[in-house]
1. Could you say which residue among ARG216, ARG179, ARG175 is touching a Pro at 6+ places or on another chain (Cβ under 7 Å), closer than 19 Å to VAL133 by Cα and open to solvent by 30 Å² or more (accessible area, probe 1.4 Å)?
2. Part of a strand (DSSP E or B) and not small (Gly, Ala, Ser): is that true of LYS46 in this structure?
3. Criterion first (under 22 Å from LEU107 (Cβ atoms) and assigned to a loop (DSSP other than H, G, I, E, B)) does LYS51 satisfy it?
4. How many residues does region 83-96 hold that are crowded, with 16+ Cβ neighbours inside 10 Å and touching a residue at least 24 places away in the same chain (Cβ under 8 Å)?
5. Would you confirm, using the coordinates I've provided, whether LYS110 is at pLDDT 90 or above, open to solvent by 30 Å² or more (accessible area, probe 1.4 Å), of a type outside the set (A, V, I, L, M) and in contact with a Ser or Thr (Cβ under 6 Å, 6 or more places away or on another chain)?
6. Keeping to region 193-232, report how many residues are without any contact (Cβ under 8 Å) to a residue 60 or more places away in the chain, assigned to a helix (DSSP H, G or I) and within 17 Å of MET7 (Cβ to Cβ).
Amino acid sequence: MSGSFLMYKHMWIERKLSDFELRGLCGALVHDTPFDQPLKPWQFVKPTPEKRFKVGVVPQEPLIKLGKKEHIDAFFESGALQLGSYAYYNAFDHPEIGDNQEGIVTLLAKTPFGVIGGKYGSGYNQRMFCVSVGDLDRRTMERFGYDSGFVINNPMGFANAVAESIGAASHTFGRCLYRPHKAVLGFPGDTVNRHEISHRTGEIVDAAKHFIKSERYAHQKEFRFLWEQSSDVSGADVFDCSSARQYCSPLSLGAR
């Protein structure tokens, strides 16, 4: 199953590149600079290797979902849980919640024939749920305008329960990494067909591409859950995820 695949730039070079050349190519893609134009020193970009991302790994720190009290209460009372989408966050007009670059990332891959890469958009068929890693940060809570929350005690159980509730084809989760530029380096081996352009082109990097964000959001310490649907989704919808409640507990705010 696959959702829409957007391609903003695409190219390949049939030879190996030095690290310097790779940073230059990545910089040209990120900054939308013509390939025959020299880059300024600050335009060179080092892509983050996909192995740096801990996709599918449960963290040792607490996972906290912040929200408005009415929505948190509704989850524990009836199982009502709102799940977003890339399209939802692309259009959300809020400095903390909105991100018009969600789903768009520069990808490069080292292959036996050389280097392939571009700037692509994907993941538009995924339902999304974002939480924070670590202890409660009241400043972040205030930035969002939230006054309540809950702790996910069993991330795997929670993810499985939501997947069953919404009929997801597959799901994953992971901690987001924050970088000055959203660029990821993959190592797909010989599975890439450089003469074919399709949604498989975006698979030159694995799920890591969905867990990189601009460093301006670093204070959020985001951990995200993603559930794959059979087609593109938009907006944010509320689902009955009653079975997921057993893996969560209300957040104790304590005294200020």
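The values are calculated or read from the model by the stated rules, or taken from the named source; none is laboratory data. It should be emphasised that the depicted structure is a prediction, and the values quoted were computed from it without experimental measurement. In this analysis, Cβ positions are derived from the backbone assuming ideal geometry, glycine residues included, and neighbour counts consider all displayed protein chains. The accessibility values were calculated without ligands, DNA or RNA, using every heavy atom of the protein model including side chains. Shrake-Rupley method; radii C 1.70, N 1.55, O 1.52, S 1.80 Å.
1. Residue meeting the stated conditions: ARG175.
2. The answer is no for LYS46.
3. Answer is no for this residue.
4. Within region 83-96, residues that are crowded, with 16+ Cβ neighbours inside 10 Å and touching a residue at least 24 places away in the same chain (Cβ under 8 Å) number 7.
5. Considered against the rule, which asks whether it is at pLDDT 90 or above, open to solvent by 30 Å² or more (accessible area, probe 1.4 Å), of a type outside the set (A, V, I, L, M) and in contact with a Ser or Thr (Cβ under 6 Å, 6 or more places away or on another chain), LYS110 comes out as no.
6. Residues flagged as without any contact (Cβ under 8 Å) to a residue 60 or more places away in the chain, assigned to a helix (DSSP H, G or I) and within 17 Å of MET7 (Cβ to Cβ) within region 193-232 amount to 2.
A quick yes/no check of all residues on (1) acidic (Asp, Glu); (2) in a loop (DSSP other than H, G, I, E, B); (3) out of contact with any Gly (no Cβ under 6 Å at 6 or more places or on another chain); (4) farther than 22 Å from SER122 by Cβ:
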| site | (1), (2), (3), (4) |
| --- | --- |
| TYR8 | no, no, yes, no |
| ASP32 | yes, yes, yes, no |
| GLN37 | no, yes, yes, yes |
| TRP42 | no, no, yes, yes |
| ILE64 | no, no, no, yes |
| HIS71 | no, no, yes, yes |
| GLY98 | no, yes, yes, no |
| GLU102 | yes, yes, yes, no |
| LYS110 | no, no, yes, no |
